[in-house]
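First comes the structure, then the notes that go with it.
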Amino acid sequence: MKQKVLVTGANGYIGKNVISYLLNNNIEVVAADISLNKISDKVRKIETDIFANTDYLFSNLENVKTCIHLAWRNGFVHNSITHLEDISLHYKFLKQIYESGIKNINVIGTMHEIGYWEGEVDNNTSTNPISFYGIAKNSLRQSLKILEEGDKELLIKWLRVFYIQGDDRNNNSIFSKILQKEEEGAKTFPFTTGKNKYDFVNIEILAEMISKAALQTDITGIINCCSGKPVSLKEKVESFLKENNLKIKLEYGIFPDRVYDSPAIWGNNNIISEIMKNE
């Protein structure tokens, strides 16, 4: 029997790439989201609000042993109040997943759990989030840790994501905004100093990391899904302009850097590198 995986938030930027990877590797997928118009018909589609219509969802999870929970509202709006409002909904849903018999639970985290930090982030780095998004994700991670302590068979993996690039027309990042302005005919793009350094990973590589980390059962806890290399935003964007033959010019220093952005932050990728090597 093929492995069967539930992916929530399946229609999102990360979700559709994760599903593509799973399908390409002969994994059977149950995809859940409010809309699934971007998803291949090769998956079992469940169009529903996973928080409101759980009976319908759970009636379609026969033989599912693994959950990859990507669902999250307003992920690109870091201080939306919805992040705080939804924490209990995510916890309740994942607890129901566990109680239904799915013991391999994988949840997407974020570097924004860390807060203001300069240097490498590993599994022992303290969290001090300073955006609603980071606070909510960190609270969910801590709550799931308590849930996990009650059952030794429960496997919870917190897949911490850093800065994603690729599929740039759909990711709502600085890269998608630059593409939009180029197509509108703008000559310049107002920018920050670009000096901050981040850990960039391509969305297709990230989808592979998430999938392989989710399918394996030897390593649990926090798994940084990252490159392990700090690169300045200026360097990355200038490279993006060149690779895509864009004519638009960056206006450095027009916008201030966000107060909660670290001068340089990157992940320790030892664990994910081991998983990628072994799978």
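The values are calculated or read from the model by the stated rules, or taken from the named source; none is laboratory data. Keep in mind that what you see is a predicted model, and the values were worked out from it rather than measured. With ideal geometry, Cβ positions are generated from the backbone for all residues, glycine too; neighbour counts draw on all protein chains shown. Accessible surface is based on the protein model in full, side chains and every heavy atom, while ligands, DNA and RNA are left aside. Shrake-Rupley method; radii C 1.70, N 1.55, O 1.52, S 1.80 Å.
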Which listed residue is part of a helix (DSSP H, G or I), open to solvent by 10 Å² or more (accessible area, probe 1.4 Å) and acidic (Asp, Glu), from Glu153, Glu183: Glu183
Filtered residues of region 122-142 (kept if open to solvent by 40 Å² or more (accessible area, probe 1.4 Å) and of a type in the set (A, V, I, L, M, F, W, C)): Ile130, Phe132, Ile135
Odd one out for Trp117, checked against (1) open to solvent by 40 Å² or more (accessible area, probe 1.4 Å); (2) outside any loop (DSSP other than H, G, I, E, B); (3) among the aromatic types (Phe, Trp, Tyr): (2)
Which residue is surrounded by the most Cβ atoms within 10 Å (Cβ to Cβ), if the candidates are limited to region 11-30 and must be of a type in the set (A, V, I, L, M, F, W, C) and out of contact with any helix residue (DSSP H, G or I) (no Cβ under 6 Å at 6 or more places or on another chain)? Ile19
Residues of region 202-238 satisfying the condition of being hydrophobic (A, V, I, L, M, F, W, C) and without any contact (Cβ under 8 Å) to a residue 40 or more places away in the chain: Ile205, Val231
Among the residues of region 225-242 satisfying the criterion of being surrounded by fewer than 20 Cβ atoms within 10 Å (Cβ to Cβ) and assigned to a loop (DSSP other than H, G, I, E, B), which is nearest to the chain's Cα centre (by Cα)? Gly228
Please tell me if Tyr98 is modelled with pLDDT of 95 or more and over 20 Å from the mean Cα position of the chain (by Cα). yes
Among the residues of region 197-219, write down those that are hydroxyl-bearing (Ser, Thr, Tyr) and closer than 21 Å to Ile14 by Cα. Tyr198, Ser211
In region 193-224, residue farthest from Leu144 (Cα to Cα) [restricted to those that are open to solvent by 30 Å² or more (accessible area, probe 1.4 Å) and of a type in the set (Val, Ile, Thr)]: Thr193
For Lys145, indicate whether it is under 30 Å from Gly101 (Cα atoms), basic (Lys, Arg) and surrounded by fewer than 19 Cβ atoms within 10 Å (Cβ to Cβ). yes
Subset of region 243-278 [open to solvent by less than 100 Å² (accessible area, probe 1.4 Å), part of a loop (DSSP other than H, G, I, E, B) and over 23 Å from Met111 (Cβ atoms)]: Asn244, Leu246, Ile248, Tyr252, Gly253, Ile254
Condition test on Ile46, is it buried (at least 17 other Cβ atoms within 10 Å of the Cβ), touching a strand residue (DSSP E or B) at 6+ places or on another chain (Cβ under 9 Å) and more than 28 Å from Glu113 (Cβ to Cβ)? yes
Tally of residues being more than 19 Å from the chain's Cα centre (by Cα) and crowded, with 20+ Cβ neighbours inside 10 Å across region 160-180: 1
